[in-house]
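The block underneath contains the structure these notes are about, expressed in structure tokens.
The values are calculated or read from the model by the stated rules, or taken from the named source; none is laboratory data. Computed from a predicted model, the values in this text were never measured in an experiment. Counting neighbours? That spans all protein chains shown, and the Cβs are built from the backbone with ideal geometry, glycine included. Surface areas here come from the heavy atoms of the whole protein model, side chains and all, with no ligands, DNA or RNA. Shrake-Rupley method; radii C 1.70, N 1.55, O 1.52, S 1.80 Å.
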Amino acid sequence: MNVNLEQRIKDSVRNVPDFPKKGIQFKDITTLLMNPELCNAVLEEMVVQVKHSGVTKVVGVESRGFLFGQALAMRLGLPFVMVRKAGKLPYKKITNTYALEYGEATIEMHKDAINPNDRVIVHDDLLATGGTAKAAAELVGSTGADVVGYLFLIHLSYLNGQDELGTMNENIIKLATY
Ligand code: AMP
């Protein structure tokens, strides 16, 4: 854990209370994205944390998982794969539906994006309850590929997402934990 970088991330992310509903402390990364020097430092740390895992593809979860996910894949010289919300991808897809606090959500990935030999890192901007990242990992797993780990910019430890994900893979990298 890079303590200095963690503090810089926390100083840069804006906390918005009661968004999108009462009781939620929303971590707004738009303020961090306006600091290119810090974004570069974040990316460098992600490269260091991921590069020895034998990863062959980076999967990013819509939509904030696309921001650093695609940049990371480029730095590593690896393909980037989008996991999108239902109805957005144009080609043949595989689908996973998972439970939310109220109701359910569906995510999709192109059928030919991942093959059984791939070793995949699943990235999103933030780990809360872990439902989204777990669903993305299940989607990847259904192709026969290995999920070698998860990568998050921010981790809300009080929501116990690590326990949810740990059942599938214990390699959970996060740069700033609240
Ligand atoms: P979860 O499935 O509960 O781990 O939620 C993760 C997804 O919801 C991520 O894509 C986050 O971007 C978003 N999210 C959940 N909680 C927050 C929060 N407090 N602040 C910002 N984004 C959040």
Problem set entry | In segment 70-98, the residues that are within 12 Å of the ligand (Cβ to nearest atom) and over 19 Å from Asn115 (Cα atoms) | Lys85, Tyr98
Seminar exercise, completed: Counted residues in segment 122-175 being within 14 Å of the chain's Cα centre (by Cα) and among the acidic types (Asp, Glu) come to 3
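Can you tell me which residue within segment 134-164, out of those that are in a strand (DSSP E or B) and within 14 Å of the ligand (Cβ to nearest atom), is farthest from Phe26 (Cα to Cα)?
Here is the first cut: in segment 134-164, the residues in a strand (DSSP E or B) are 146-155.
Retained after the next criterion (residues that are within 14 Å of the ligand (Cβ to nearest atom)): 150-155.
Working: Tyr150: 21, Leu151: 19, Phe152: 15, Leu153: 14, Ile154: 11, His155: 12 Å.
Per the stated criteria, the residue is Tyr150.
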For this session: Report yes if some residue within segment 148-156 is over 21 Å from Ile9 (Cα atoms) and either open to solvent by 30 Å² or more (accessible area, probe 1.4 Å) or in contact (Cβ under 8 Å) with a residue 60 or more places away in the chain (or both); otherwise report no.
Result: yes
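Please specify each residue of segment 13-29 satisfying the condition of being open to solvent by 70 Å² or more (accessible area, probe 1.4 Å) and either closer than 30 Å to Gly77 by Cα or hydrophobic (A, V, I, L, M, F, W, C) (or both).
Phe19 - this is the single residue of segment 13-29 that is open to solvent by 70 Å² or more (accessible area, probe 1.4 Å) and either closer than 30 Å to Gly77 by Cα or hydrophobic (A, V, I, L, M, F, W, C) (or both).
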Exercise. Asn117: away from the ligand (no atom under 13 Å from the Cβ), in a loop (DSSP other than H, G, I, E, B), touching a residue at least 40 places away in the same chain (Cβ under 8 Å) and over 12 Å from the mean Cα position of the chain (by Cα), yes or no?
Worked result: yes
For this session: Find the helices (runs of 4 or more DSSP H) located wholly in segment 1-104 whose residues include 2 or more that are in contact with an Asp or Glu (Cβ under 8 Å, 6 or more places away or on another chain), and list them.
Result: 65-76
